[in-house]
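The values are calculated or read from the model by the stated rules, or taken from the named source; none is laboratory data. Owing to the predicted nature of the structure, the values given are computational and were not obtained by experimental measurement. Cβ placement follows ideal geometry from the backbone for every residue including glycine, while neighbour counts extend to all protein chains displayed.
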């Protein structure tokens, strides 16, 4: 999760850098794909950076919730048969080992009986996936062409698109991001399934963060290579 947050911060900085670079470029803004009013390309990238910043905030909140543990609550959170010394010291001793910033639950019964933190993670990850998906789709649309599409920006060509259309090149960084985001969204949905056990949900959440980390890397690399026409 911390690596994902770091990469999202790098992505935000890359977007803001491109926003400054693209401020002189004026293009057409659209609603429902219909021409609306002019907008600067830099303004669009500032909006992307704002969305990423909001995602960072949401993921931070969900991470802090996941740092709460209910050790010492025993069966149902009342602490029955647990030594008072164990309840007071087990969390801080575990933190000395794992160094993840974990804390004891304020209410052990609540911490034992509720798994809403997993739902919060699912929501935060899906919200981030939607933001990145929207960005990827925008980049694909603006780079469509080269002859009959919008062709407002250039994305680096990655591979030939077809053996029978040799002049077509796939700008597949955005496409790969979109496919990966779809898988991520599906996995995030499974985390808060009522059939999921806590340990399984935690492992799936960890996998989701790894996928999210890869998506952010893809976007950042695409931005590093992209130049406005």
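Odds and ends about this structure:
- When residues of region 98-129 are limited to those that are more than 23 Å from the chain's Cα centre (by Cα) and in a helix (DSSP H, G or I), the one farthest from residue 5 (Cα to Cα): 109
- Residue 55 vs. criteria at negative phi and in a helix (DSSP H, G or I): yes
- Pair list, Cβ under 7 Å, 6 or more apart: region 7-33 residue more than 15 Å from residue 45 (Cβ to Cβ), other residue surrounded by 14 or more Cβ atoms within 10 Å (Cβ to Cβ) and at pLDDT 90 or above: 8/52; 8/55; 8/56; 9/56
- For residue 46, the requirement of being in contact with a helix residue (DSSP H, G or I) (Cβ under 7 Å, 6 or more places away or on another chain) and surrounded by fewer than 14 Cβ atoms within 10 Å (Cβ to Cβ) is not met.
- Scanning region 84-116 for residues that are in contact with a strand residue (DSSP E or B) (Cβ under 7 Å, 6 or more places away or on another chain) and closer than 16 Å to residue 60 by Cα, we see that the one that is surrounded by the fewest Cβ atoms within 10 Å (Cβ to Cβ) is 103.
- Filtering region 130-168 to residues that are in contact with a strand residue (DSSP E or B) (Cβ under 8 Å, 6 or more places away or on another chain), at pLDDT below 65 and assigned to a loop (DSSP other than H, G, I, E, B) leaves 158, 161, 166, 168.
- Residue list for region 57-73, restricted to those being in contact (Cβ under 8 Å) with a residue 24 or more places away in the chain and surrounded by fewer than 16 Cβ atoms within 10 Å (Cβ to Cβ): 60, 61, 65, 67
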